[in-house]
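Inspection log for the structure reproduced underneath, given as structure tokens.
The values are calculated or read from the model by the stated rules, or taken from the named source; none is laboratory data. Since the model is a prediction, treat every value here as computed from it, not as a measurement. Neighbour counts are summed over all protein chains in view; Cβ atoms, including those assigned to glycine, are modelled from backbone coordinates with ideal geometry. To get the accessible areas, we keep the full protein, side chains included, count just its heavy atoms, and leave off ligands, DNA and RNA. Shrake-Rupley method; radii C 1.70, N 1.55, O 1.52, S 1.80 Å.
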Amino acid sequence: QSAALAWLQKRDATMYRGVVTAARALGLCLAVAAACGGVRAGAAEETKFEDFLSSSAAAAGGGDTDTFSPFHGLGPFEVEKEVTQIDYDGATSTVYMYTPEAEGTSANESWPGVVFGHGFCSKVENYENILPILASWGFVVLATDEMSHCDATTFRNGNTVNTTEYKNELKRNVLFLSEQPNVESVAIAGHSMGGGAGINAAADLAASSPGLVKGVVAVAPWNGVVPHPSAMVANVDCPLLMFCSKNDSLVPCSGPVTLQIELGSFSMPFSALLPALYGHEQGIDWGGGVLGIFENISTANPTVLAVVKDTDHVSILDTDGTKARKMQEYFAQFGMEFSSPDLEYTIPTLEYTVAFLLWALKGDNAADELIWGSEGGITTDDRFLQPVSRVNF
């Protein structure tokens, strides 16, 4: 057992009991908190795509260059963005499509494809700090915007997003993308709800379309998705890369949820809402959290679990700690306060996601060495809590 996993499993029992006591004392519904604070859906202005791309190279490449992998910052391709509707298997979905373009590329050029799943109550536009960068490395990226709207009514009477249907949405996205003439192979990536539902989608597709999904990247995967990813991950038939954050208060690597809901003078632990919203079987640690998923993987699949230092549930998918602020402002209206870390280095999640996908979808040798090599790469990058856990490789 690695020191990183030992750290994840060693938790303060006093803190755990304290959260349980607070949850029992304040077992209120989020609708009450919404009434206190007037929660409503935000309408943050979207950053212009062209402006973002023009500034991304510098923003994604700040910090000590000695800690960079070869896959940081923008890739070699220009990117075209399109927001459109697709119809597949009787369902209509609004999706964001990011397509790489190379000078002199023929009409028959094909690329690997990535289906991206957003987090709970989060819009695709909140991920515009990473999706065009991912596409610039030569991936057609499809990101569904379905089931992204949340306000007080989302939670009233215990109602919440149907995560099982979200898994089905991702499955349809994978099948649709795999049938496009410019796509040669497909992987799934996702954050939070999208990470958990992505694991479930890959598990389902392993049964119905074996070998179709070539890899899964799950960033802070939420084990509260139904069915729980920890119960489904053993059915996945492809390599997995999982990230969690040492400081994640909402979807911790392991241990209890510690996030506080703050609406004006009203304050309560988010864990107090879990029984009303998700059922008592969840506990206050999402059924074992990210570590619970990792511990149930198939013994046949190469898998990595990397614990990112100095980030929270939102900034784990940032590059320099500043672009996550748009998502932080969005969640603040729900009383969820996340803070941007003050970093002097590049958050590594995106560049290792790029490397893993280039290895899984293209067989890239440099990416293979970075993820699976015996020296250097992910195993010595001090932006992760070391040693990083790698199994079945």
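Of M147, M268, the order by accessible heavy-atom surface (1.4 Å probe, DNA, RNA and ligands excluded), from most exposed downward, is M147, M268.
Cβ-Cβ distance of Q85 and E165, R₀ of 22 Å, FRET efficiency by 1/(1 + (r/R0)^6): the value works out to about 0.80.
Rounded to the nearest 10 square angstrom, D89 shows an accessible area of 130 square angstrom against a 1.4 Å probe.
Remark: the range 172-184, residue by residue, has Karplus-estimated 3J(HN,Hα) of 4, 4, 4, 5, 4, 5, 5, 8, 6, x, 9, 10, 9 Hz, where x stands for each Gly or Pro and the curve is 6.51 cos²θ - 1.76 cosθ + 1.60 at θ = phi - 60°. Between the C-alpha center of the range 310-352 and that of the range 185-222 there is a gap of 23 Å. Here the 3J(HN,Hα) profile of the range 324-330, calculated from phi with Karplus coefficients 6.51, -1.76 and 1.60 at θ = phi - 60°, is 6, 5, 4, 5, 5, 5, 4 Hz, Gly and Pro shown as x.
Of the GluC sites (Glu not before Pro) found in the range 340-393, the ones in coil according to DSSP and having at most 12 other Cβ atoms within 10 Å of their Cβ are E344, E375.
Between the residues V307, L343, F294, the greatest Cα displacement towards the positive end of the dipole of the range 273-393, with unit charges on the Cβ of Lys, Arg, Asp and Glu, is found for F294.
The lysines whose alpha-carbon is closer than 21 Å to the alpha-carbon of K214, local same-chain residues fewer than 8 away aside, are K167, K171, K362. Listed by chain and number, the lysines placed with their C-alpha closer than 20 angstrom to that of K246 are K10, K309, K323; residues fewer than eight positions away on the same chain are left out. W111 contributes about 20 Å² of solvent-accessible surface, heavy atoms of the protein only, 1.4 Å probe. Largest accessible area first, the listed residues T379, T92, T299 line up as T299, T92, T379 when surface is computed with a 1.4 Å probe on the assembled protein chains. Applying D = kT/(6 pi eta Rh) to the range 304-393, where Rh is the Kirkwood radius over alpha-carbon pairs, T corresponds to 25 °C and eta to 0.890 mPa s, the Stokes-Einstein value obtained is 172 µm²/s.
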